[in-house]
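Structure first, commentary second.
The values are calculated or read from the model by the stated rules, or taken from the named source; none is laboratory data. Computed from a predicted model, the values in this text were never measured in an experiment. So basically every Cβ, Gly included, is an ideal-geometry build from the backbone, and we count neighbours across all protein chains shown.
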């Protein structure tokens with residue numbers, strides 16, 4: 001009898017400790033946005049003129065990720081240095097309409113104390129396509145990125161991003 005109670009208590013502890021995990025839905029496009037779970041309520045993929053576009057929206061915010069091809073693999077967002085240009089782009093628009101993009105970088109300005117004003121913070125990230133099912137019409141994968149506003153004054157971090165069986169839309 002004590003053994004059964006121990007199992008019940010152990011299961012309760014395990015189930016309550018999973019509160020910060022990402023949720024899995026079908027289909028799904030979600031990520032941790034600045035540490036908080038953000039999920040889309042609608043999502044789709046299009047393949048037009050050789051550009052793969054993944055779109056999603058939820059709670060008034062929008063995400064768009066563009067890749068140069070429909071192919072399994074890992075693609076870079078943003079830039080790691082001035083010499084390295086990414087092959088994919090990501091844009092996140094919050095519910096207030098502020099646009100963040102991996103096309104933008106940030107530089108420190110003189111109002112930031114104790115920081116070298118010549119420093120450049122590059123947008124960065126990756127997207128990995130790990131499943132393309134053309135027969136069923138969906139793709140799946142993972143992503144993360146840091147993106148900045150056009151003037152570099154603000155940033156957004158999307159981490160632990162997942163898109164699962166996101167359907168293609170008809171062209």
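Please determine whether any residue of the range 153-164 is touching a strand residue (DSSP E or B) at 6+ places or on another chain (Cβ under 8 Å) and farther than 18 Å from residue 31 by Cα. The answer is yes, given that some residue of the range 153-164 is touching a strand residue (DSSP E or B) at 6+ places or on another chain (Cβ under 8 Å) and farther than 18 Å from residue 31 by Cα.
Of all residues in the range 109-122, none satisfies being closer than 23 Å to residue 93 by Cβ, out of contact with any helix residue (DSSP H, G or I) (no Cβ under 8 Å at 6 or more places or on another chain), at pLDDT 90 or above and assigned to a loop (DSSP other than H, G, I, E, B). Put simply, of 85, 80, 99, 45 the only residue that is within 15 Å of residue 145 (Cα to Cα), over 13 Å from the mean Cα position of the chain (by Cα) and modelled with pLDDT of 95 or more is 99.
Residue by residue, here is whether (1) surrounded by fewer than 18 Cβ atoms within 10 Å (Cβ to Cβ); (2) farther than 24 Å from residue 49 by Cβ; (3) within 13 Å of the chain's Cα centre (by Cα) holds:
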site	(1), (2), (3)
141	no, no, yes
146	no, yes, yes
149	yes, yes, no
159	yes, yes, yes
166	no, no, no
169	yes, no, no
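Results for (1) more than 21 Å from the chain's Cα centre (by Cα); (2) at pLDDT 95 or above, shown as yes or no for each residue.
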| residue | (1), (2) |
| --- | --- |
| 2 | yes, no |
| 5 | yes, no |
| 22 | no, no |
| 32 | no, yes |
| 36 | no, yes |
| 39 | no, yes |
| 50 | yes, no |
